[in-house]
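**Q** First, the structure itself, so that you have it in front of you.
The values are calculated or read from the model by the stated rules, or taken from the named source; none is laboratory data. Keep in mind it's a predicted model, so treat the numbers as computed, not measured. Heads up, the Cβs are rebuilt from the backbone with ideal geometry, glycines too, and the neighbour counts pull from every protein chain shown.
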């Protein structure tokens, strides 16, 4: 048995009041007025506590892990394209990309959506023609002309060959070959012949454009972020910090992403170096509760006592096809887990793994 204080403290979290999960956004950008305007808009739409701003400076700040665990990432056009290239292109996090230089097919590490793009500045206003009915264009009619900017604003159009899986839902109002608002859904074929691991939207802003956006332009932008965030792509990532035992902080990892219809293995290491006992916690809400020197990271709906062999253990998780929940109840596909184990080398007799976030999906 786990120590009684540990069991009781964990048990109280089962009944903890945790607010409903909200859409979480990470915005990568720079300390500019233009990016602050985008950040303010995102905070107004999703709530300030649900939006994280991350600077891209200095070089090396942005890593593949930077955007993991968020429902959607928005990439500003302000930073150099080198801050994104060959770093985020194959992320399992949905992305709304504003940077034209990484929408292309070359060099390696770009989003492989188009072979070319063209910038254009209008002194009075930029207008689009809506070309397709889609959640991104909800509230607008096909063939409707929509003014998205006023003043001397710049946008970029997709003007080259597009990937087979790419769809542009709007065009320049006076040049139909200037494509705008281009998306690729999960599994869509890219120009490099690979399949998109998660939703991507190419939204043709440049550095200062958002300051000139109309209400309609902001509506299209917000709906693009909404659509990307509901992409139902399988994700996995560790979060939080564990608490060390005799041999350091124990780990909890998976063999792959939790894709519908697949089986993944979850592996937990042994921090003691001898056979011991542990407690597996699974829930649908993360928490951060100080506990016996460590931090409880899961509000548990399920708890199980598990023997821990000297070399740790692995168990398989078979994932059914729950695609009917995609876009309907996406938060029901999201689970959090953590493992606590008896370890006399830990300060209070128990070590903690970091949390493991699993989002079942395509």
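This table checks each residue for (1) surrounded by fewer than 22 Cβ atoms within 10 Å (Cβ to Cβ); (2) within 14 Å of the chain's Cα centre (by Cα); (3) assigned to a loop (DSSP other than H, G, I, E, B).
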{"residue": "216", "(1), (2), (3)": "yes, no, no"}
{"residue": "225", "(1), (2), (3)": "no, yes, no"}
{"residue": "232", "(1), (2), (3)": "no, yes, yes"}
{"residue": "237", "(1), (2), (3)": "yes, yes, no"}
{"residue": "241", "(1), (2), (3)": "yes, no, yes"}
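**Q** Within the range 320-339, which residues are out of contact with any strand residue (DSSP E or B) (no Cβ under 6 Å at 6 or more places or on another chain), within 30 Å of residue 250 (Cα to Cα) and at pLDDT 90 or above?
**A** If the condition is that a residue be out of contact with any strand residue (DSSP E or B) (no Cβ under 6 Å at 6 or more places or on another chain), within 30 Å of residue 250 (Cα to Cα) and at pLDDT 90 or above, then 320 is the only one that fits.
**Q** Something else about it: Quick one: which residue in 346, 304 is in a loop (DSSP other than H, G, I, E, B) and more than 25 Å from residue 199 (Cα to Cα)? Talk me through it step by step, then tell me what you get.
**A** Details: 304 fails: in a loop (DSSP other than H, G, I, E, B).
Checking each option against the conditions leaves just 346.
**Q** I'd like the full set of residues that are closer than 17 Å to residue 245 by Cα and surrounded by 15 or more Cβ atoms within 10 Å (Cβ to Cβ), limited to the range 278-296.
**A** 278, 279, 280, 291, 292, 294, 295, 296
**Q** Okay, next question. Given the range 33-145, what strands (runs of 3 or more DSSP E) lie entirely inside it while holding 3 or more residues that are at pLDDT below 95 and surrounded by fewer than 20 Cβ atoms within 10 Å (Cβ to Cβ)?
**A** 117-122
**Q** With the requirement that a residue be surrounded by 14 or more Cβ atoms within 10 Å (Cβ to Cβ) and assigned to a loop (DSSP other than H, G, I, E, B), what does the range 319-343 give you?
**A** Result: 319, 322, 326, 343.
**Q** Let me ask something else about it. Taking the criterion of being buried (at least 22 other Cβ atoms within 10 Å of the Cβ), more than 11 Å from residue 98 (Cα to Cα), in contact with a helix residue (DSSP H, G or I) (Cβ under 7 Å, 6 or more places away or on another chain) and at pLDDT 95 or above, would at least one residue in the range 184-198 satisfy it?
**A** The answer is no; no qualifying residue exists.
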